[in-house]
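Everything below concerns the one structure shown next.
Throughout, read-outs are computed from the coordinates displayed, never taken from laboratory work. Just so it is clear, the structure is predicted and the values come from calculations on it, not from any experiment. When we count neighbours, we look across all protein chains shown, and the Cβ atoms used for this are built from the backbone with ideal geometry, even at glycine.
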Amino acid sequence: MSAIRQASAPATPYDAIIIGAGFSGLYQLHKLRDELGLKARVLEAGGGVGGTWYWNRYPGARCDSESFSYSYSFSKELEQEWEWSERYPSHEEIRRYLNHVADRFDLRRDIQLNTRVKGAAFDSASDLWTVTTEAGESFVTRFLITAVGCISAANVPDIPGRDSFAGQWYHTGRWPHEGVDFTGKRVGLIGTGSTGIQAAPVIADSAAHLTVFQRTANFSIPARNAPLTPEFIQEIKSNYPALRELMRGTTNGHPFAISPDSALAVPEEERRARYERAWEVGGLRFRAEFGDLLTDKAANDTAVAFIHDKIREIVKDPAVAEKLIPRDHPFATKRPPVDTEYFETFNRDNVRLVDVKADPIEAIVPEGIRLKSGEIVPLDIIVFATGYDALTGSLLAMDIHGADGHSLREDWAAGPRTYLGLQAPHFPNMFIITGPGSPSVLCNMPVPIEQHVNWITDCIAYMDAQGYSRIETGEPEAEAWVAHVNEAANATLLPQAGSSWYLGANIPGKPRVFMPYAGGMARYAALCDEVAQAGYRGFRFSSGQAQRRQSL
Ligand code: NA7
C-alpha cells in the first residue's frame, strides 16, 4: 500500500477525499473547503451531482419529506432564494435544487464526476489514506469521508432466467435518463415498498397493462401532494428559524411534533376522528398523530385497524383488498410509504395484483414471468422496485482496508460496527456520514446529514488546532454503541417487521441486525455534542505520525 502511495502520491496530500456528491458530500465539501480552508475533493460515480436523486428518475419518484424541510438550513440566503413548487419535491426538482447549490457555492471545481471509488487503504506509517478509483487514479488524503448515501446500492434480485427476458428490464434506482415509454406495453412491477407504491399509479396511467407482483403487503398513507401557494411559501420563508428548531428537536427531523397523546387514552370515536383528520392531511404526519404508535403494540393496532378499513373502502374487489392488507408487521415498522392513489390503482381494468407469497415467482422467461403455479404472465417490460442493499451496501461495495490489515467487509461480516455511526474501529481518519448506527433513514435525511457534517468538520478543526494527525475509535466503544443501537430499537416495535430493510432482511445472506439508531435525532445530536465537549470521548487522538512526516 505504501508502495502505491509513493508511486502516485501528489506532493501535497488532500486534507479530505469525500466519496459522493449527494446532499451530504456537497455540504461536507462546502464546510471543509470554504469554512476551514482545507484541500478537499469529491469523487462521484454519477455523471452529475444529486446522489440518490441523480439515479432515481423512475415514474412518480419524489421525496416523502415535505419539500421545504428537505433542504439545507446552513444558508439563510439559500433558504430565501429557493422556491419549492409542490408539497413533496419531485426527483427533477430535487436535482435542480442540488445543482443550484453546487453552482451557488461554487462546488463543481472540486467535484470529480464519473469517478467510482474502488477501494481505499490506510497507511499507519503516515496516517494517510490512499483512495483508488475504478479508472486507476489514486488520491492520497488525511481524511476519508464517505458520503455514499444509505439507499443507493440497487438490489436486483437474482431471479433465474433474468437474462433470457426478451423485453426490457429496469431497476427503479438506475432509471434511464431518457425515460421509458410504457405506451401500449405490458408491464410487470416487482416490489411494493415506497418506490413501487409511487410508481404503480403512474405506470398504470400509460401502460396497456400493469401487473404488480407483491411479496409483502404494505401500509400506505395518502401523500396529498399539491402545488404550494405563494402565501404558504411566504409563511415558510418567514418562519425558517422556528421550523429548523422544531425539526432538530424531534425524533425524526420532520417539521411537525409527535403528539404526546396515547392512542389508547382517547375514546374510540375521538381516536377515529383524529385518524380521519390525519388521513386527510396526509403524509408522514399520520404516524405522529399519537405518541405511542411505535412503542405500544395495542396502540399501533388501532392505526392498523383504521388503515385496513381504508383499504377495504378504497379497493372495490374485496378479494384484491384482502391481498393488499398488510398483516405481518405493525404499522410504520417498515418505512411507511406515502402515495398518490396507490390503492385506487387496483380498481383499474388494466391492473392486476399477483400475490407472490401465495404463488411465488419461479423464473423469468423470454415472454415474461413464470409463477410457481406454472402460469406465465406475459410482459414487455419488467420494473424492479426491489429496493437497496441499504446502509451498508454502498460502503461494502468498496474494498476498504484500515489499520493493521483490517478489511471493512471482513470486520462487518456479522453486521456493521460503528461508534455513533460515525467511525468504525480500525479505520482511523475515516468518517461515515449517516452510516449504520446513525439515526439516518429513520429521519428526514437533511437533518442528520447537516448534524453529522457539522460534527465531523468541528472534529477536524479541533484536530488541526491540536496538531493531531490521527483519530480512531476502539472496539469497546463500538461494542457499547451497537448494544445501545439494539437497546434503542428494542424499545420500539421497529424490529418486529421481519422483512424490513432496516434489518437487512431484504438481501439474501445479509446479517439480520437493526442498523439505524432509533433513539431519536434530538437525543443522538445531544449525545454527539456531549462526546465532543468531553474532548471527543471514545475517540483516541495521536500526533506522532504528523511530527514524523514533518521531520522527513
Ligand atoms: P424497499 O422498501 O426495500 O421495497 C422493495 C420491495 O421489493 C418490497 O416490497 C420487497 O418485498 C420487494 N422485493 C424485494 N426483493 C424481491 C423479490 N426477490 N421478489 C419479490 N419482491 C421483492 O425499497 P424501495 O425502493 O421501495 O424503498 C427504499 C427506500 O427509498 C424507502 O423506504 C424510502 O426510504 C426511500 P419485501 O417487503 O422485502 O417482502
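Once both labels are positioned 7 Å from their Cα atoms along Cα-to-Cβ, the gap between E487 and S499 label points is 3.3 nm. Nearest 10 degrees is fine. How inclined is helix 475-490 to the longest principal axis of the chain, computing both from alpha carbons? Tilt relative to the chain: about 20 degrees. For the chain, the longest principal axis of the C-alpha atoms and the axis of helix 91-104 are separated by about 20°.
Can you tell me the 0 to 90 degree angle between the C-alpha axis of helix 297-314 and the longest principal axis of the chain, rounded to 10? Once rounded, the angle reads 50 degrees.
As a rough footprinting exposure proxy, the listed residues H426, H177 were ranked by other beta carbons within 10 Å of their own, and the order from fewest upward is H177, H426. Karplus-derived 3J(HN,Hα) values for the stretch 453-460, using 6.51 cos²θ - 1.76 cosθ + 1.60 with θ = phi - 60°, are 4, 4, 5, 4, 4, 4, 5, 5 Hz; glycine and proline are entered as x. The listed peptides 377-383, 363-369, 530-536, ordered by packing as a protection proxy, come out as 377-383, 363-369, 530-536 (highest mean of other Cβ atoms within 10 Å first).
Could you tell me the calculated FRET efficiency between D106 and S85, based on Cβ-Cβ distance and R0 = 22 angstrom, to the nearest 0.05? Working from the Cβ atoms, E equals 0.30.
Each part reduced to its alpha carbon centroid, the stretch 258-312 and the stretch 17-35 end up 39 Å apart.
Placing +1 on each Lys and Arg Cβ and -1 on each Asp and Glu Cβ, with no other charges, gives the chain a dipole about its Cα centre of roughly 780 debye. Computed from point charges on the beta carbon alone (+1 for Lys and Arg, -1 for Asp and Glu), the dipole magnitude for the stretch 100-159 about its Cα centre is near 140 Debye.
Extension gain for R512 to D181 (0.36 nm times residue separation, less C-alpha to C-alpha distance): 115.3 nm. Stokes-Einstein diffusion for the stretch 1-122 at 37 °C, viscosity 0.692 mPa s, with a Kirkwood radius from C-alpha pairs, works out to 208 µm²/s. Projecting the Cα atoms of C63, F539, Y468 onto the dipole axis of the chain, where Lys and Arg carry +1 and Asp and Glu carry -1 at the beta carbon, places Y468 farthest toward the positive end. Annotation: amide H-H contacts under 5 Å for V365 (H modelled 1.01 Å from N, sequence separation of 5 or more, or interchain): R370. Ranked by the mean number of other Cβ atoms within 10 Å of their residues, highest first, the peptides 122-131, 474-483 come out as 122-131, 474-483. Each principal axis of the Cα atoms in the chain has its own extent, and those three values, largest first, are 78, 56, 45 angstrom. For the stretch 14-25, backbone phi angles converted through the Karplus equation (6.51, -1.76, 1.60; θ = phi - 60°) give residue-by-residue couplings of 5, 6, 8, 10, 10, 9, x, 10, x, 3, 7, x Hz, Gly and Pro being listed as x.
The phi-based Karplus calculation (6.51 cos²θ - 1.76 cosθ + 1.60; θ = phi - 60°) puts the 3J(HN,Hα) values of the stretch 170-182 at 9, 9, 4, x, 9, 6, x, 5, 7, x, 10, 8, 8 Hz, whole numbers, x for Gly and Pro. Between the beta carbons of D328 and E245, assuming R0 = 41 Å, the FRET efficiency works out to 0.60 to the nearest 0.05.
Only Cα pairs under 8 Å and 6+ residues apart enter the sum, and on that basis the relative contact order of the stretch 357-479 stands at 18 percent.
Take the Cα of A125, go 7 Å toward its beta carbon, and the backbone nitrogen atoms of the stretch 391-410 under 20 Å from that spot belong to 401-407.
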